[in-house]
Amino acid sequence: MNQDPPHPCDIILPVYNGLSYVKECISSIIEYTDREIYHLYIVDDCSDTVTERYLLSIAKKHQNITLIRNETNIGFLKSCNKGIEQSDAEYVLLINSDVVVVENWLDRLLACADSDLDIASVNPLTNHASQISIPISSGSNFISMDWSIRQMSHKQYPDVVTGVGFCMLLRRLALDNVGMFDEIYGHGYCEESDLCMRLTTSGYRTVVADDVYLFHKGSASFGDRDERYINNRKIFDERWLSIYKEQYKLFQKADSLAYLRNSLKAPQRWSPLTSMRETYRNIRNQYQANNYIGAAKAAVRGILNLPFHTENIVSSEYVERLSRPGRLKVTYVLHNLTVAGGVLSVVQLVNELILLGVEARIVALYQYPETKQWKSYTCPIIFKNENELIANFPQSDIAVATHWTTAGWVSKVLSTGRAKTGVYFLQDYESWFFPESDVDARTKVKNTYSMIEHKIVKSSWLQKLIQTDGYQSEKIWLGMDLGVFYPRDVIRSGNPAIVAMARPRTPRRGFSVLIDALAIVKNRLKNVDIFLFGDDLSNKTIPFEFFDKGIISNQSQLAELYSASDIFIDASDFQGFGRTALEAMACHTACILTDVGGVTEYAKNEDNCILVPPHQPEKVAHAVFKLLDDDNLRAQITKGGSETASKFSHKEEAKKTLTYFRGL
């Protein structure tokens, strides 16, 4: 039991890895919760070494945080019960580690519970939680959603039959009467529904606080998810099906959250083209995985969904209505939201600016489905075409071009007065993506520099090239989420392992050089494992055995791949900065890089990497042999790379970017 002064609520936070989410969750709880009203119990369910180290450090810094460490992984459900057993407060709140809270969130949840002694369970609203979900509105973010909902809320505290376990405030007296989670549900699914049915059939209420909105990623993924849900749903139905159906029918009929959903919803239009694109990608992904039945099912689903697929029609007035007043408004302009390092940099930066209090958002012409799995605190505005983007651009203090193809759009937006200031976020020297013989294309790219006065670059190399073209710029280093990219506790095969970025469709990424180099390596070292990622290689002839990882949209999976490898190779002709190399360094993987471009900002030969000239596969192969033959050198480079990567924090990048924006 804790020794704090009396407080109304104990917060139980089960943790199993997911360090980036865990950090944001704990940070938001500490920042936005009155210290006098809670004690936080973190139940670490045998997380990896780096996560464990972080949790130990945070618990030492805060007297109102207690860390409980499970020696083996016992699962979410049992970890919750273990935390509840430690609690002695009037209320206990269970929260997932992929939740981010907002100002005064707990005060409002407690006010809801205190409004009626029969209320035993309270959920906030969120973007991801079945029947109490309200999607983040286009152009808004989760903090603005909370602000908007507070203005609109009727504080009805409607009954929701079964609450959702992502964030659930429970009355201690009610738990004493009906018990905790039933561990018959194993590692989870349906356990919170079972608890709520025990509560409602005992005369208690399970409600949603319709004046609180939190972010929930819903990122947990398990290989046995479907099977586990089916098994647990069978247990639940055997106990509660008839009563649950009756109560749920009343819940649907009441539709108590309709007033909020209707107030927040944007006008809709039929979008067959978007539907067909997504269907094609789903079919292709299943086909490439040799899941032909899955491909057929994806086709059928796409056909059935086609008449009902809609998209938002977003006006500047709609976005303004859901924006917090008095905040800096920054809009990043992407051509498409696709799986690419430059796009990820923008999404990551927008997330951090939102946490710093900015009304930051993204506009684009299309969003690839894979990017919807990324952590994003905002919902992008997807316009039908360039004209619609310019005509309906949200009122902004700053509009940011992110590629040469978007610079003209921002220039036109500035001329309409919808943005006060323009910034050009130059992530690469894009004119060099075209061959020297294509003078017109290179000139076209360079002509965009004059369209926007202010410029941000990632490296001194890029800054000098832009200066040679006659323009000044502000250098702000790219940052990484070091809660994602760190050395994972992975099981190795025992063979030497090489991982490389292979992107044949992207200009200047050195694909043919990489393949030639790896062919030399494979010819000499038969037992080496080679992993390639970054593109669809199914139609490419590659003269050696390798593991095709394709396009990796899940950054945690990418970190695990780096961690399982001895060497990372980037054979690009040049890089504007070289995000992947820093990611690999952060995961303790020795890097072989070309000695041209933005990587020279941080890459030091035989200190934190091996540098080789571009276009020379023999030298790439020689560097591989050198690292695999010399354990001491590889260890030295790995250590140097780790120290280098630790200096490139995405939070520092956001702070410096915000300082620059405010200066404008």
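The values are calculated or read from the model by the stated rules, or taken from the named source; none is laboratory data. In this text the structure is predicted, and so the values were computed from the model without any measurement. Positions of Cβ are backbone-derived with ideal geometry, glycine not excepted, and every protein chain shown enters the neighbour counts.
Laid out as a table, the results:
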| quantity | calculated |
| --- | --- |
| Yes/no for Ser144 being under 22 Å from Leu349 (Cα atoms), at pLDDT 95 or above, among the small types (Gly, Ala, Ser) and part of a loop (DSSP other than H, G, I, E, B) | no |
| Matching entry among Ala564, Ala559, Ala571 (being within 16 Å of Thr638 (Cα to Cα), touching a strand residue (DSSP E or B) at 6+ places or on another chain (Cβ under 8 Å) and of a type outside the set (Ser, Thr, Tyr)) | Ala564 |
| Single match in Trp147, Trp105 (criterion: among the aromatic types (Phe, Trp, Tyr), in contact with a Leu (Cβ under 7 Å, 6 or more places away or on another chain) and touching a residue at least 60 places away in the same chain (Cβ under 8 Å)) | Trp105 |
| Unique residue being over 25 Å from Ala111 (Cβ atoms), in the same structural domain as Val92 (by TED's automatic domain parsing), touching an Asp or Glu at 6+ places or on another chain (Cβ under 8 Å) and hydroxyl-bearing (Ser, Thr, Tyr) when the list is Thr66, Thr51, Thr72 | Thr51 |
| Residue list for region 86-103, restricted to those being of a type outside the set (Gly, Ala, Ser), over 18 Å from Cys25 (Cβ atoms), modelled with pLDDT of 95 or more and not in a strand (DSSP E or B) | Glu90 |
| Residue in region 204-222 that is assigned to a helix (DSSP H, G or I), in the same structural domain as Pro14 (by TED's automatic domain parsing) and free of Cβ contacts under 8 Å to residues at least 60 places away in the same chain present | no |
| Residue list for region 27-42, filter: assigned to a strand (DSSP E or B) and under 18 Å from Gly483 (Cα atoms) | Ile42 |
| Check on Pro325, in contact with a strand residue (DSSP E or B) (Cβ under 8 Å, 6 or more places away or on another chain) and within 25 Å of Asp211 (Cα to Cα) | no |
| Complete set of residues in region 383-415 that are part of a strand (DSSP E or B) and closer than 23 Å to Trp147 by Cα | Ser396, Asp397, Ile398 |
| Hits in region 266-300 - residues which are at pLDDT 85 or above and surrounded by 14 or more Cβ atoms within 10 Å (Cβ to Cβ) | Ala266, Met276, Thr279, Ile283, Gly294, Ala295, Lys297, Ala298, Ala299 |
| Test: residue in region 414-432 that is among the β-branched types (Val, Ile, Thr), in contact (Cβ under 8 Å) with a residue 24 or more places away in the chain and more than 18 Å from Gly576 (Cβ to Cβ) | yes |
| Selection within region 568-593 - under 20 Å from Asn495 (Cβ atoms) and crowded, with 24+ Cβ neighbours inside 10 Å | Phe568, Ile569, Ala584, Cys587, Thr589, Ala590, Cys591, Ile592 |
| Selection status of Phe383, surrounded by 18 or more Cβ atoms within 10 Å (Cβ to Cβ) and touching a helix residue (DSSP H, G or I) at 6+ places or on another chain (Cβ under 6 Å) | yes |
| Options Leu306, Leu273, Leu334; residue that is in the same structural domain as Gly422 (by TED's automatic domain parsing) and of a type in the set (A, V, I, L, M, F, W, C) | Leu334 |
| Elements of type helices (runs of 4 or more DSSP H) contained in region 223-330, each with 2 or more residues being among the hydrophobic types (A, V, I, L, M, F, W, C) | 225-254, 258-264, 272-288, 292-305 |
| Unmet requirement for Gly494, which otherwise passes all of (1) assigned to a loop (DSSP other than H, G, I, E, B); (2) closer than 24 Å to Lys651 by Cβ | (2) |
| Near pairs, Cβ below 9 angstrom, 6+ apart or cross-chain, from region 547-559 (on the phi > 0 side of the Ramachandran plot) to any residue that is surrounded by 19 or more Cβ atoms within 10 Å (Cβ to Cβ) | Gly550/Leu532; Gly550/Phe533; Gly550/Gly534; Gly550/Asp535; Gly550/Leu537 |
| Residues of region 27-60 satisfying the condition of being β-branched (Val, Ile, Thr), within 24 Å of Glu103 (Cα to Cα) and in contact (Cβ under 8 Å) with a residue 60 or more places away in the chain | Ile29, Thr33, Ile37 |
| Search result, residues across region 80-103 that are farther than 25 Å from Cys190 by Cα and surrounded by fewer than 16 Cβ atoms within 10 Å (Cβ to Cβ) | Asp88, Glu103 |
| Qualifying residue in region 183-199 (condition: outside any loop (DSSP other than H, G, I, E, B) and either at pLDDT below 85 or within 22 Å of Asn554 (Cα to Cα) (or both)) | no |
| Failed item, numbered, when Ala581 is tested on (1) under 21 Å from Tyr429 (Cβ atoms); (2) in contact with a Ser or Thr (Cβ under 9 Å, 6 or more places away or on another chain); (3) aliphatic (A, V, I, L, M) | (2) |
| Matching residues, region 150-185, being of a type in the set (S, T, N, Q) and buried (at least 23 other Cβ atoms within 10 Å of the Cβ) | Thr162 |
| Hey, Ser121 surrounded by 18 or more Cβ atoms within 10 Å (Cβ to Cβ), assigned to a loop (DSSP other than H, G, I, E, B), touching a helix residue (DSSP H, G or I) at 6+ places or on another chain (Cβ under 9 Å) and among the small types (Gly, Ala, Ser) or not | no |
| Subset tally (residues that are over 17 Å from Ile456 (Cα atoms) and at pLDDT below 95) for region 386-434 | 3 |
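Condition check ((1) among the hydrophobic types (A, V, I, L, M, F, W, C); (2) surrounded by 16 or more Cβ atoms within 10 Å (Cβ to Cβ); (3) assigned by TED's automatic domain parsing to the domain that holds His216; (4) modelled with pLDDT under 95) across all residues:
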position	(1), (2), (3), (4)
Gln3	no, no, no, yes
Pro14	no, yes, yes, no
Val22	yes, yes, yes, no
Glu31	no, no, yes, no
Trp105	yes, yes, yes, no
Ala113	yes, yes, yes, no
